[in-house]
Amino acid sequence: MKNRLLVTLVAAVLLGGVAVGYTVLSGTPPQEAAHSVPTTGGPRLVVLSNGKLSTVSRTDPAGSREVTEQRCDRVYSAAGTISCLRPVGALKAGELAVLNSDLEELKTVPLTGFPNRTRVSASGRMVAWTLFVDGHSYAANGFSTATGILDTKTGTLVQSLEEFAVEGLPQRPVDTNFWGVTFTADDNRFYATMSTGGHRYLLEGDFAARKVRPLTDADNVECPSLSPDGTRIAYKKAVDGDPQKGWRVSVLDLATRRITELAETRSVDDQPAWIDDRTVAYGLQRDDGLNDVWSVPADGTGTPAILVPEASSPAPI
């Protein structure tokens, strides 16, 4: 039986203190209005609950959650900056909304395509996104993506990484696609995926220099996610190099290029998120069409476990 939703308008705090309405799931005791960041609840996670921006406790992620009225197809948050890829509607195109911790809009960027990935740098300064322009799956043939980056400090906007020069290629192939950005700690360098000629490479980019460099010794790396300590990348790896066979969540050591396949053996079509230096999270769709956020140890040990039920798009606060 589906849970009945009890809708209550309250002043709730999200990230840095925010007054918004929230939804209390059936079976969860009503909460009083919060006017400051909880000091006893510990660290929290941002997730999407039925497409609404929400937060849950990291120590009790399956427990009660604060659900705002902010709708996103994808969300990510860091250092008080929230990136929300708003859904494409019947009468409107999608857009990127950059929000602060009070859910106030700092900037919106009109987008053409279907929202797919987004990331915020650890400092909260840099925001990236990926859209499907043609097609809706990385396993399909002939799909096309558009990946952009915004510097929220200077206002510099790159609508597509196709504007950047590609080192080692005198002329960019017509089949080149970019997706899945993750930022390093210096807010300038980043990693992403570049596909061309049937190969999907890990890409290293320099935002200020407006150039990218495919790392040809790191093939079959999709949707990279840099660990908090900057030493490893979690990503999805096509089984036998063929996306039609699904993807395996793996971790690449940047120094040694050693690859560790994680304990999750189901196909994961998501950009993994690091909950901490030891744990990787990702979304998986259930048979009933709902999503759960799962987690697994980053060293290849352990067993996958549901982290946040009926949620997607996780990010640690």
*asked:* Can you report the number of residues in the stretch 53-67 which are under 21 Å from Arg119 (Cβ atoms) and buried (at least 21 other Cβ atoms within 10 Å of the Cβ)?
replied: 5
_Being free of Cβ contacts under 8 Å to residues at least 24 places away in the same chain and either closer than 21 Å to Ala78 by Cβ or not acidic (Asp, Glu) (or both) is the requirement here; does Arg189 meet it?_
yes
*Among the residues of the stretch 192-216, count how many are in contact with a Phe, Trp or Tyr (Cβ under 9 Å, 6 or more places away or on another chain) and more than 30 Å from Ser77 (Cβ to Cβ).*
1
*Picking from Val212, Val249, which residue would you name as being assigned by TED's automatic domain parsing to the domain that holds Ser83, in contact with a helix residue (DSSP H, G or I) (Cβ under 7 Å, 6 or more places away or on another chain) and either surrounded by 13 or more Cβ atoms within 10 Å (Cβ to Cβ) or in a strand (DSSP E or B) (or both)?*
Val212
*When the residues of the stretch 274-317 are filtered to those that are charged (D, E, K, R) and not in a loop (DSSP other than H, G, I, E, B), which remaining residue is farthest from Ala79 (Cα to Cα)?*
Asp292
*Starting from the stretch 197-211, keep only residues that are farther than 20 Å from Asp175 by Cβ, then list their pairs with residues that are loosely packed, with under 12 Cβ neighbours inside 10 Å whose Cβ atoms are within a distance under 8 Å, requiring at least 6 positions of separation or different chains.*
Arg210/Glu163
*Among the candidates Phe114, Phe143, Phe132, single out the residue that is at pLDDT below 95, among the aromatic types (Phe, Trp, Tyr) and more than 17 Å from the chain's Cα centre (by Cα).*
Phe143
*Filter the stretch 189-247 down to the residues that are within 23 Å of Val268 (Cα to Cα) and polar (S, T, N, Q), then identify the one that is modelled with the lowest pLDDT.*
Thr196
*Being surrounded by fewer than 22 Cβ atoms within 10 Å (Cβ to Cβ), within 26 Å of Leu215 (Cβ to Cβ) and of a type in the set (A, V, I, L, M, F, W, C) narrows it down to one of Ala255, Ala281, so name that one.*
Ala255
_The one condition in (1) closer than 16 Å to Val221 by Cα; (2) surrounded by 13 or more Cβ atoms within 10 Å (Cβ to Cβ) that Ser312 fails to fulfil_ = (1)
*Which one of these does Arg257 not meet: (1) farther than 12 Å from Leu202 by Cβ; (2) part of a loop (DSSP other than H, G, I, E, B)?*
(1)
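The values are calculated or read from the model by the stated rules, or taken from the named source; none is laboratory data. Note that this is a predicted model, so its numbers are computed, not measured. We place every Cβ from the backbone using ideal geometry, glycine too, and count neighbours over all the protein chains shown.
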